[in-house]
Amino acid sequence: MVKTALRYLVVAILLAIAGVVLLVASRLERRVAQADQEMATLSLSRAARAYDEVAEELAVIGRLPWLLRGTRAEVAVRQAAVRYWRGDYAPLVAEYTSADSPSIAGNLDLQFVVANADYRSVLRPDSSREVALGTLDHAIGVYRRLLEGNEAHPDTAFNYEVMVRLRNRIAGGDEVPAFRRPTVPGNQGENPEDAEMEDVQIYVPSDSVIDPNETEDPTIGTGTQIRKRG
């Protein structure tokens, strides 16, 4: 009798602990979603505060690294992304590449953000050809090292290919592009030079079903008359 009661008590305690963990996880996920909304609306300061608050709560259970591991890694990526879009390149790179930095080997998305920041930290607007080539060589090396252990990461592969092609174009004599600091919605576009509306061709799709009796198009309904059989 006592053993049965003790068994039920242990099961109840385990279920209670699991319920508390799930409740905490759902609450943190909700707060991460709210911070993502601030990020999507370009409210970087509010997003940074929200991510920091979630990270502080996760630090309380830091002695249990297996608990909410995915949420902890996701928040670290979001925090780094906010700093990247705010132009905090060099400090971000130093935080994760120094000798006493926390290991980010298991967080590929965080490695990618740090790699982008590493490239941006040495990028200079209005660079000469030699400086631009050196910057691109640095970026190519950063993305190559990341790809060596993560060949299946498409964003890293894309950036690596862009850097290689851009370097080849500049080395081949093309003008050095005006490197600009990126923004969350992207750099503002420009109107093409000497653009005239007469040069713009607009194609309007036609209806798939057209009644030949209601159109004057000579190409519709031509041919021999179809005869019924029987």
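The values are calculated or read from the model by the stated rules, or taken from the named source; none is laboratory data. This structure is a prediction, so every number in the text was calculated from the model and none was measured. Cβ: placed from backbone, ideal geometry, glycine included. Neighbour counts: every protein chain shown.
Looking at this structure, is G221 surrounded by 10 or more Cβ atoms within 10 Å (Cβ to Cβ), on the phi > 0 side of the Ramachandran plot and either modelled with pLDDT of 75 or more or not assigned by TED's automatic domain parsing to the domain that holds Y119 (or both)? Yes. Each residue in region 144-158 was checked for being buried (at least 16 other Cβ atoms within 10 Å of the Cβ) and either in contact with a Leu (Cβ under 9 Å, 6 or more places away or on another chain) or at pLDDT 90 or above (or both), and 3 of them qualify.
Based on this model, can you work out whether Q34 counts as more than 20 Å from V114 (Cβ to Cβ) and at pLDDT 75 or above? Full working, then the answer.
On the way: more than 20 Å from V114 (Cβ to Cβ): yes; at pLDDT 75 or above: yes.
Against the criterion (more than 20 Å from V114 (Cβ to Cβ) and at pLDDT 75 or above), Q34 qualifies.
Just to verify a result, which residue in region 29-57, among those that are free of Cβ contacts under 8 Å to residues at least 40 places away in the same chain, hydrophobic (A, V, I, L, M, F, W, C) and loosely packed, with under 14 Cβ neighbours inside 10 Å, is farthest from L68 (Cα to Cα)? Give the derivation first.
Here is the first cut: in region 29-57, the ones free of Cβ contacts under 8 Å to residues at least 40 places away in the same chain are 30-31, 33-34, 37-38, 40-41, 43, 45-57.
Remaining after also requiring hydrophobic (A, V, I, L, M, F, W, C): 33, 40, 47-48, 50, 54-55.
From what is left, the residues that are loosely packed, with under 14 Cβ neighbours inside 10 Å are 33, 40.
Details: A33: 16, A40: 24 Å.
The extreme case among them is A40.
Filtered by the rule that a residue be buried (at least 17 other Cβ atoms within 10 Å of the Cβ) and of a type in the set (S, T, N, Q), region 81-120 gives N107, Q111, N116.
Looking at region 69-77, can you tell me whether even one residue there is among the charged types (D, E, K, R) and buried (at least 20 other Cβ atoms within 10 Å of the Cβ)? So far as region 69-77 goes, yes, one or more of its residues are among the charged types (D, E, K, R) and buried (at least 20 other Cβ atoms within 10 Å of the Cβ). Determine whether region 70-82 contains at least one residue that is touching a residue at least 40 places away in the same chain (Cβ under 8 Å) and hydroxyl-bearing (S, T, Y). Yes, that holds for at least one residue.
Of all residues in region 120-174, count the ones that are touching a Lys or Arg at 6+ places or on another chain (Cβ under 9 Å) and among the charged types (D, E, K, R). Qualifying residue count, region 120-174: 2.
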